[in-house]
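K.L.:
One structure, as structure tokens, below. Some questions next.
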Amino acid sequence: VQLQASGGGLVQIGDSLTLSCTASGPTFRSYTMGWFRQAPGKEREFVAAIMWAGGMTYYRDSVKDRFTISRDNNQNTVYLQMNSLKPEDTAVYYCAGARYGNTWMDGNDYEAWGQGTQVTVSS
């Protein structure tokens with residue numbers, strides 16, 4: 001599967017932004033989808049994931065209650081709704097897919113990656 005992320009931009013503290021990631025091919029519904037981010041000079045970190053089976057969602061603690069991951073299997077798209085954005089959310093955001101993935105936090109478990117979209121939260 002090939003992934004195309006979009007929706008990043010420059011926003012103010014407290015603003016909202018929705019990222020989208022669209023997948024090619026007919027197998028999207030069999031992929032666990034995740035969002036990761038990487039800030040300058042920092043390691044890539046897990047942000048959120050939605051499982052292929054059952055649709056369970058998982059978040060890193062710092063975005064819980066602010067970010068929501070969802071998917072539309074008919075549109076081959078996964079979304080990341082981000083509310084109450086903070087400067088520490090500034091990063092390049094990547095979507096990733098793991099076919100029949102049963103884990104979600106380790107980026108090494110994902111075999112497909114999108115190209116990244118920049119999110120900048122200005123103070």
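K.L.:
Going by the conditions given, is L10 open to solvent by less than 60 Å² (accessible area, probe 1.4 Å) and modelled with pLDDT of 95 or more?
P.N.:
Here the answer is no, as L10 does not meet what is asked.
K.L.:
Starting from the stretch 29-46, take each residue that is part of a loop (DSSP other than H, G, I, E, B) and list its partners that are crowded, with 18+ Cβ neighbours inside 10 Å and of a type in the set (V, I, T), counting only C-beta distances under 7 angstrom and pairs at least six apart or across chains.
P.N.:
A39/T90
K.L.:
Assess whether M56 counts as being of a type in the set (A, V, I, L, M, F, W, C) and open to solvent by 50 Å² or more (accessible area, probe 1.4 Å).
P.N.:
yes
K.L.:
With respect to D61, is the statement that it is open to solvent by less than 60 Å² (accessible area, probe 1.4 Å) and free of Cβ contacts under 8 Å to residues at least 12 places away in the same chain true?
P.N.:
Here the answer is no, as D61 does not meet what is asked.
K.L.:
Taking the stretch 64-80 on its own, how many of its residues are polar (S, T, N, Q) and touching a residue at least 40 places away in the same chain (Cβ under 8 Å)?
P.N.:
Residues in the stretch 64-80 being polar (S, T, N, Q) and touching a residue at least 40 places away in the same chain (Cβ under 8 Å): 4 in total.
K.L.:
Give the residues of the stretch 91-123 that are open to solvent by less than 20 Å² (accessible area, probe 1.4 Å) and assigned to a loop (DSSP other than H, G, I, E, B), sorted by residue number.
P.N.:
G101, Y110, G114, G116
K.L.:
Is there any pair with a first residue in the stretch 5-24 that is closer than 17 Å to A39 by Cα and assigned to a loop (DSSP other than H, G, I, E, B) and a second that is of a type in the set (K, R) and open to solvent by 60 Å² or more (accessible area, probe 1.4 Å) whose Cβ atoms are under 8 Å apart and which are 6 or more apart or on different chains, and what are they?
P.N.:
Pairs found: I13/K86.
K.L.:
Looking only at the stretch 75-90, filter to residues that are in contact with a Leu (Cβ under 9 Å, 6 or more places away or on another chain) and part of a loop (DSSP other than H, G, I, E, B); which one of those is surrounded by the most Cβ atoms within 10 Å (Cβ to Cβ)?
P.N.:
Residue satisfying both the conditions and the ranking: L85.
The values are calculated or read from the model by the stated rules, or taken from the named source; none is laboratory data. Keep in mind the model is a prediction, meaning the values are calculated, not measured. Glycine also receives a Cβ, built like all others from the backbone with ideal geometry; neighbour counts cover every protein chain displayed. For accessibility, only protein heavy atoms count, side chains too; no ligands or nucleic acids. Shrake-Rupley method; radii C 1.70, N 1.55, O 1.52, S 1.80 Å.
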